[in-house]
Amino acid sequence: MSAHDDGNRITFGRPMLDDAESALIQQVLSSGRLVHGSFTKDFEAAFAARVGVAHAVAVSSCTAGLHLALHAQGVGPGDTVIVPALTHVATGHAAEYCGARPVFCDIDPATGNIDPVKLPEAVARARQLGRLRAIMVVHFLGLPADMAAINEVAAAAGATVIEDCALAIDATYEGRKAGTLGLAGCFSFYPVKHITTIEGGMVTTDDADLAHSLRQLRAFGYDKALGERSKPGQYDIVALGYNYRMNEVEAAVGVAQLAKLDAFQEKRARNFAALTHALASVSGLATYPAAHGKSVSSHYCLNAMLTPECRLSRDEVVAALTSRGIETSLHYPGSLPLFSYYAKKYGHRVGEFPVAERVAANTISFPVGPHLDTDNMSRVGSALFDILAARTA
Ligand SMILES: *Cc1c(COP(=O)(O)O)cnc(C)c1O
């Protein structure tokens, strides 16, 4: 058994690293150029081409990218930002970092995405509480949100749209890729996302001015990057920037990972289809679709909701799977407004965002990553069949 072998366990995610990454990391380490180098530029160029945008700005994480996408627009105290009630905490925190107030909007039970029907009411609330500046759209588990409806509401409200594309690389809406559907898109390269840079993120945009600001703000607010100075110390500090750069080791890993992405996506799609097929005969579970309306998923994972005929609790199903060596994940264990920080700060209460609360309480995310094959999917399917067969009405 090698160090990477999990034996019979089916893990939720596993970084797919081999000699390709090792060779490039070694190249960075021996070069002595650990930041401000060509790997970051190469990774940005390759990523921009993949998504089909004019600009891609590498940052230290998706969270940093979300923060900068708001900060670069001058979002600050007195402003409000709409955030889906079911998302990774980073989407809400990005608004908080700016001193703005996140105003939550409930989701569509069919997709987990922000519900355009409920958006006008959230806009009205956001305007009562401050100046509405942005709508954060999170493509839930990689399935793009209903962008036509959202962009229409945003335009009428004078708000920009920022996409949280952390799980949505290569996902499409009307044939266009996630990351091109709003003012800016923010991607994550955390270890269990579609590709990894260890930690890292990317902001995509077609707006040249925004890209310029993002480049300044990821590096302290210097007006000139290191390579643009004709003599040492030739710079001014023109903004409150951060140290949010991606380093060269991370970028080198990203270059190697991007070259493997087509193969990863093929396996994800195949695993997703196999697991959907395997679960079709399991009663007590309803799976989320890989496509809905004009949206096609990036196949991050397969999410399934326990239906009322299932007599086991979500936690019991998860525990039974764990005991059979099958690792699952929850997206997310609670709706964001009900976590202590937000509940205490803004007085959110149970029942305010009922769909987000129901999805958080009753869904399980199953792995479909490229570290797994269709035999693994069959095993997940039969395990669920056994666990649920005896316990459904
Ligand atoms: C992972 C994730 C983030 C955070 O990404 P980091 O790169 O870890 O900062 C944000 N939003 C969503 C939807 C995520 O899945």
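The values are calculated or read from the model by the stated rules, or taken from the named source; none is laboratory data. This is a predicted model, so every value here is computed, not measured. We work out accessible area using only protein heavy atoms, side chains counted, and drop any ligands, DNA or RNA first. Shrake-Rupley method; radii C 1.70, N 1.55, O 1.52, S 1.80 Å.
Annotations
- CD proxy at 222 nm, helix term only [per DSSP H run n ≥ 4: -39500 (n - 2.57); per residue of the chain; nearest 500]: -12000 deg cm²/dmol
- Accessible area, probe 1.4 Å, largest first, for residues His277, His371: His277, His371
- Directionally averaged projected area (the range 244-365, Cα convex hull): 11.6 nm².
- Annotation: extensible slack from Thr307 through Asp19 equals 99.2 nm (criterion: 0.36 nm per residue apart, minus Cα-Cα distance).
- Proximal aspartates and glutamates to Lys260, defined as alpha-carbon separation beneath 15 angstrom and excluding residues fewer than eight positions away on the same chain: Asp18, Asp19, Glu21, Asp170
- Å³ per residue enclosed by the Cα convex hull of the range 71-117: 76 Å³
- Accessible-area composition of the range 256-393, carbon plus sulfur, in percent [1.4 Å probe]: 54 percent
- Under-5 Å amide H pairs with Asp79, H placed in peptide plane, nonlocal only: Arg101, Arg131
- The range 25-41-the range 170-188 distance, computed between alpha-carbon centres (Å): 29 Å
- The length gained on full extension between Arg9 and Asp315, counted as 0.36 nm times the residue separation minus their Cα-Cα distance, comes to 108.3 nm.
- Rel. contact order, % - alpha carbon contacts under 8 angstrom, at least six apart, the range 43-113: 28 percent
- GNM remark for the chain: springs join alpha carbons under 10 Å apart, and the peak mean-square fluctuation among Met16, Met147, Met246 falls on Met16.
- When the surface is traced with a 1.4 Å probe over the full set of protein chains, Asp146 keeps roughly 70 Å² accessible.
- When both the range 232-309 and the range 344-358 are represented by their alpha-carbon centers, they are found 27 Å apart.
- Semi-axes of the equivalent ellipsoid of the range 1-150 are 36, 22, 14 Å, computed as sqrt(5λ) over the eigenvalues of the C-alpha gyration tensor in descending order.
- Antiparallel bridges, percent of DSSP beta bridges restricted to the chain (to nearest 5): 60 percent
- For the chain, the convex hull drawn through the C-alpha positions has a volume of 139 cubic angstrom per residue.
- When the range 228-302 is reduced to its Cα atoms, the Kirkwood hydrodynamic radius in Å: 17.1 Å
- Choice from Ala56, Ala304, Ala208 with maximal GNM fluctuation in the chain (Cα, 10 Å cutoff): Ala208
- Accessible-area composition of the range 159-235, carbon plus sulfur, in percent [1.4 Å probe]: 51 percent
- Based on protein heavy atoms only, the range 94-177 ends up with 33 Å² per residue of surface accessible to a 1.4 Å probe.
- Antiparallel content of DSSP bridges confined to the range 1-142, in %, to 5: 10 percent
- Structural descriptor for the range 245-323: relative contact order 26 percent, calculated from alpha carbon pairs under 8 angstrom and at least 6 residues apart.
- Mean Cα-pair separation over length for the range 121-203, i.e. relative contact order, pairs under 8 Å, 6 or more apart, %: 23 percent
- Fraction of accessible area attributable to carbon and sulfur, the range 10-94 (%, probe 1.4 Å): 58 percent
- By a 1.4 Å probe calculation restricted to protein chains, Thr205 has an accessible surface near 0 Å², given to the nearest 10.
- Built amide H within the under 5 Å cut-off of Leu143, gap 5+: Ser298
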